[in-house]
Amino acid sequence: MALTVEDGTGVAGADSYVSAAAFQTWATDRGYSIPTTLADLEPLLRKGCDFIERKRFLGEIEFADQGLSFPRLITDEEGTAVSTGIPAKLKTAQMLLALESMNGPLTAAARANKYLATKIDQIYLKYADSYKGSGDISFPAIDDLLEEWEYYTSTIRTVRA
């Protein structure tokens, strides 16, 4: 099934921020090797978009029936709701995630225990399972690209002395 690309108008049923053609151009310009058929490219873009859609973002969706989290309305300093459109950094994040999905699933549960232990000659090395208790894999480059739109909550624990 062909990708339905969000173009900033609140496309119902959208499942990508980036078209396969745009992804091909971007990857080629940077020397990345990616599949050449739409049947192989589109699932990669969907996986990248799915990862982004698990995040919480500032503001509210702009159109009631839009399929994805963007475009969003964010209130500016004067109290006016301003549209974000589809940020270029969001598209870059999706394409980077599509590339990463070629290395394996983008979920911690699917990658857990994949590289837990190895043997070098007579020595066994065992690594801590950093995925336990984690809901997601961390991709710092993606976090950097999305940080200005992400909604963060912080919890402060107080203890009575």
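Taking square-rooted eigenvalues a ≥ b ≥ c of the alpha carbon gyration tensor, is the stretch 15-84 rounded, prolate or oblate, where a/c under 1.5 means rounded and, failing that, a/b exceeding b/c means prolate? Write out the running numbers ahead of the final one.
Numbers: a/c = 3.13, a/b = 2.25, b/c = 1.39.
Here the stretch 15-84 falls in the prolate category.
Multiplying the sequence separation of GLU53 and GLU148 by 0.36 nm and subtracting their Cα-Cα distance, what value in nm do you get?
Values: separation 95, 0.36 × 95 = 34.20 nm, distance 1.54 nm.
My answer for the length gained is 32.7 nm.
Return the long-range amide H neighbours of SER16 (sequence gap of 5 or more, or a different chain), with a cut-off of under 5 Å between placed amide H atoms.
For SER16, whose amide H was placed from the backbone, the distant partners under 5 Å are THR4, GLU6.
Starting from the Cα gyration tensor of the stretch 1-47, take the square roots of the eigenvalues, sort them a ≥ b ≥ c, and report rounded, prolate or oblate (rounded when a/c is under 1.5, otherwise prolate if a/b is larger than b/c, else oblate). The partial results should precede the final answer.
Working: a/c = 3.01, a/b = 1.68, b/c = 1.79.
Judged from the Cα gyration tensor, the stretch 1-47 comes out oblate (a/c at least 1.5, b/c at or above a/b).
Counting other Cβ atoms within 10 Å, keep those with at most 15, restrict to DSSP loop, and tell me which GluC sites (Glu not before Pro) in the stretch 47-94 are left.
On the way: sites: GLU53, GLU60, GLU62, GLU77, GLU78; in loops: GLU62, GLU77, GLU78.
When the GluC sites (Glu not before Pro) of the stretch 47-94 are filtered for loop state and at most 15 Cβ neighbours within 10 Å, GLU77, GLU78 remain.
Every read-out reported here was derived from the displayed coordinates using simple, explicitly stated rules and does not represent laboratory data. All values derive from a computational prediction rather than experimental measurement. So basically every Cβ, Gly included, is an ideal-geometry build from the backbone, and we count neighbours across all protein chains shown.
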